[in-house]
Amino acid sequence: MQLRSDSVEKTSFKKALVVDDHPLFCDALALTLKIVSEIEDVKTTDRLENALQMVGNTEFPDVIILDLNLPDVTGLDGLIRLKTVAPRTPVIVVSSMADNRMISHTLRAGASGFIPKHSQREVFRDAFARLADGETFTPDGYVEVSDIESEKHSPDDALSRLSSLTVQQSRILQLICEGKLNKQIAYDLSIAETTVKAHVTAIMRKLGVQSRTQAVLIAQEARFAKVLPSEH
């Protein structure tokens with residue numbers, strides 16, 4: 001066996017904090033982390049505020065695994081606030097919103113890596129191996145989005161596009177921002193799933209985007225929750 005002459009001391013991760021509001025995913029991820037890395041202690045929480053308290057003024061954790069959609073925060077705000085409280089703690093974002101633009105945004109906001117949700121175990125193994133080497137992890141196929149391209153939709157432009165949505169379409173976009181699938185949205189709004197799909201298609205057309213993730217990004221850029229059309 002040939003030894004590396006340029007070996008560098010690896011970072012050891014023993015304690016992890018998972019911030020995600022899906023209990024089954026948290027359980028599965030905790031098991032995965034213990035299998036693919038040296039992590040021995042995994043704590044979980046479903047709220048950003050709890051996470052901020054857990055990392056504040058303590059030596060816990062060595063690494064944070066963060067979902068972007070939580071009950072008390074949506075989008076990159078959670079990542080930014082965590083990095084403010086624990087700037088030296090690496091944060092890996094694990095999210096179903098995994099297009100190039102979202103990944104680029106998370107890396108610029110301070111994430112040490114991005115793993116698409118429900119990736120295979122080997123992806124997590126590779127991610128933590130790279131993180132231990134001091135590298136940033138991005139999934140296969142990722143292409144960095146330039147600053148010019150990422151700024152294509154200004155807040156004013158995003159607001160203008162959002163204002164064209166109907167009240168029902170606005171409701172549906174808000175639920176998409178919460179990470180809900182068409183089936184869940186249909187249940188929440190008591191409408192057919194085919195109706196939801198039709199609305200989603202219309203929403204993407206009005207916003208000029210190709211995917212749900214891009215629609216979420218435009219909503220975030222315009223601080224969507226503050227400009228939703230009201231029924232009252």
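Every number in this text was worked out from the coordinates using simple rules, so none of it is lab data. All values derive from a computational prediction rather than experimental measurement. Quick reminder, even Gly has a Cβ in these numbers, built from the backbone with ideal geometry, and neighbours come from all protein chains shown.
At a 10 Å Cβ-Cβ cut-off, how would you order ARG88, ARG161, ARG125, fewest neighbours first?
ARG88, ARG125, ARG161
Given +1 on the Cβ of Lys and Arg, -1 on the Cβ of Asp and Glu, and no further charges, what dipole in debye does the chain carry about its Cα centre, rounded to the nearest 20?
440 debye
Going 7 Å from the Cα of SER164 in the Cα-to-Cβ direction, what parts of region 178-205 have a backbone nitrogen less than 13 Å from that spot?
From region 178-205, the list is 202-205.
Highest mean first, how do 163-173, 135-145 rank when packing is the count of other Cβ atoms within 10 Å averaged over residues?
Highest to lowest by the protection proxy: 163-173, 135-145.
Based on the alpha-carbon gyration tensor of region 52-190 and its eigenvalue square roots a ≥ b ≥ c, which shape applies: rounded if a/c is under 1.5, prolate if not and a/b is larger than b/c, or oblate?
prolate
Counting only DSSP beta bridges with both residues in region 1-108, tell me the antiparallel percent, nearest 5. List each step's numbers first, then the result.
On the way: 2 of 14 bridges.
The antiparallel fraction comes to roughly 15 percent.
Looking at ILE80, ALA109, SER119, which one has the Cα that reaches farthest to the positive end of the dipole of region 15-132 (charges on Cβ: Lys, Arg +1; Asp, Glu -1)?
ALA109
Which order do the peptides 187-193, 110-116 come out in when sorted by mean C-beta neighbours inside 10 angstrom, highest first?
110-116, 187-193
Can you give the charge dipole size of region 154-226 about its Cα centre, rounded to the nearest 20 debye, using +1 on the beta carbon of Lys and Arg and -1 on the beta carbon of Asp and Glu?
So the magnitude is around 100 debye.
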